[in-house]
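What follows is one structure encoded as structure tokens, with my remarks underneath.
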Amino acid sequence: MLSRNLLLMTALGPMLAFAQGATDTLRTLHETQVLFAFGRWDIRAQDEYALQVAAQRWREAGPGALVRISAHTDAIGSENSNLRLSARRAQAVAAALQALGVDSQAIAQAYHGEATPVADNDTDEGRQRNRRAEIAIIAPVPPAPPAHSAPPVLMSSVSGRVTDPKSGRPVRASIYLTTNTWRDSLRTDENGHFSTQLPKDSVVRLEVFAPGYFFDAKTLRVGAQNPLLNFSLPPAVSGEKIALRNLLFYGNEAVLLPQSEGELPKVLRFMQLNPEVRIEIAGHINNPLKTPAQLDQWEWNLSVNRAKLVYDYLLKNGISPDRMRYKGYGNTEMIYPSPGATEEQQAQNRRVEIRVQ
């Protein structure tokens, strides 16, 4: 039998070769995970979407990108049997990704058995979280050119304010800034203001969070002079709701449009930042040509499944089912009920809302 260290070194061969290339470092482009039933290593239907997204992210990353798989178990059973089980789980994920078009030479596997839990193995919920395979899409960062040949980076000031739209009062909030190559964060002052220097001509995503409030986001192309960015964070109190504006679906499917995949981590951060909040996840469809009574059953199910997609993501990432429920509303609450609605308006009818209970 292979020793634990040899097993890990064998599985990480592509990673070692990658790390020894002409690169300064590696950057993580995408992270996700899949969970497993007790003692099993087959991929569950609810995790197939996460694998599809990971495969797409690998393709988008271009030449040299690598998929790193780290598989784990709970603590039930012997250490050796759990190590073998985690190896089978890593192999199952690798096989599923290869079936989705990922090059086998780009996949690095590591098996950890029960050695690195992320939750308490004394509870059913904790053991389920530990029965996982973590997937990361990583890519090399080329070495920086010599300092004398590097053009100067022009910086530009970006500032804004975060307020409560009901009271007009400033909000102490965290601002998370993301581009294609880096991430950063900052805090507002007591007056809700923030200011920072960002590279000119970069495209920056700003996401704003504060305890007790919903969230907001904007995308900015940094110019020589930039407008003041005003963010409104409605209080997340009972009876209030927020539409996930960037969580958009293909018509007649509970499948996200590619540009919408980044919305789910924002909902997760909101739930983590507000541990006392309980929510209903409300799913909606677009069909202005029928009354609710005329809808087919599959159409009602579609609104349910759109809400369940968000529910499953939060559940998989550690949010207790006691804090959330999901419900489909069919076409009973369309924002744009007119048959002449534009495609953009129809996309907004196909939405999911978060409602505080």
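The values are calculated or read from the model by the stated rules, or taken from the named source; none is laboratory data. Everything quoted here is computed from the prediction, not taken from an experiment. Cβ atoms come from the backbone with ideal geometry, glycine included; neighbour counts cover every protein chain shown.
Evaluated against (1) surrounded by 15 or more Cβ atoms within 10 Å (Cβ to Cβ); (2) farther than 30 Å from R88 by Cβ, E114 falls short on exactly one condition, (2).
When you check K218 against the structure, is it outside any loop (DSSP other than H, G, I, E, B), out of contact with any helix residue (DSSP H, G or I) (no Cβ under 7 Å at 6 or more places or on another chain) and of a type outside the set (S, T, N, Q), yes or no?
Answer is yes for this residue.
Counting only residues that are within 19 Å of the chain's Cα centre (by Cα) and either farther than 19 Å from V356 by Cα or of a type in the set (D, E) (or both), the range 247-289 holds 13 of them. Restricting to the range 342-354, what's the tally of residues that are more than 20 Å from the chain's Cα centre (by Cα) and either crowded, with 16+ Cβ neighbours inside 10 Å or among the acidic types (D, E) (or both)? Residues that pass the stated criteria total 7.
Pairing residues of the range 89-117 that are in a strand (DSSP E or B) with residues that are not hydrophobic (A, V, I, L, M, F, W, C), at Cβ distances under 6 Å and at least 6 apart in sequence or on separate chains, gives A108/P14; A108/R68; A110/S70; Y111/S86.
For S78, the requirement of being among the polar types (S, T, N, Q) and in contact with a Phe, Trp or Tyr (Cβ under 6 Å, 6 or more places away or on another chain) is not met. Applying a threshold of 6 Å to beta carbon distances and a minimum spacing of six or more residues, or different chains, the list of pairs starting in the range 165-185 at a residue that is modelled with pLDDT under 95 and ending at one that is among the acidic types (D, E) and in a strand (DSSP E or B) reads Y176/E207; L177/D184.
A282 passes every criterion in (1) out of contact with any Asp or Glu (no Cβ under 8 Å at 6 or more places or on another chain); (2) of a type in the set (A, V, I, L, M, F, W, C); (3) modelled with pLDDT of 95 or more apart from (1). I'd like to know if the range 121-137 contains one or more residues that are exposed (fewer than 14 other Cβ atoms within 10 Å of the Cβ) and either among the polar types (S, T, N, Q) or not in a helix (DSSP H, G or I) (or both). Yes - at least one qualifying residue is present in the range 121-137. Residues in the range 56-66 that are surrounded by fewer than 20 Cβ atoms within 10 Å (Cβ to Cβ) and touching a helix residue (DSSP H, G or I) at 6+ places or on another chain (Cβ under 6 Å): none. Flag: L206 does not match the condition of being at pLDDT 90 or above, surrounded by fewer than 17 Cβ atoms within 10 Å (Cβ to Cβ) and either of a type in the set (G, A, S) or within 20 Å of the chain's Cα centre (by Cα) (or both). Candidates I69, I43, I76: the one that is in contact (Cβ under 8 Å) with a residue 24 or more places away in the chain, of a type in the set (V, I, T), touching a helix residue (DSSP H, G or I) at 6+ places or on another chain (Cβ under 6 Å) and not in a strand (DSSP E or B) is I43.
Taking the criterion of being of a type in the set (V, I, T) and at pLDDT below 90, the only residue of the range 243-275 that qualifies is V255. Just one of the numbered conditions (1) modelled with pLDDT of 85 or more; (2) over 14 Å from G113 (Cα atoms); (3) not aliphatic (A, V, I, L, M) is not true of Q20: (1).
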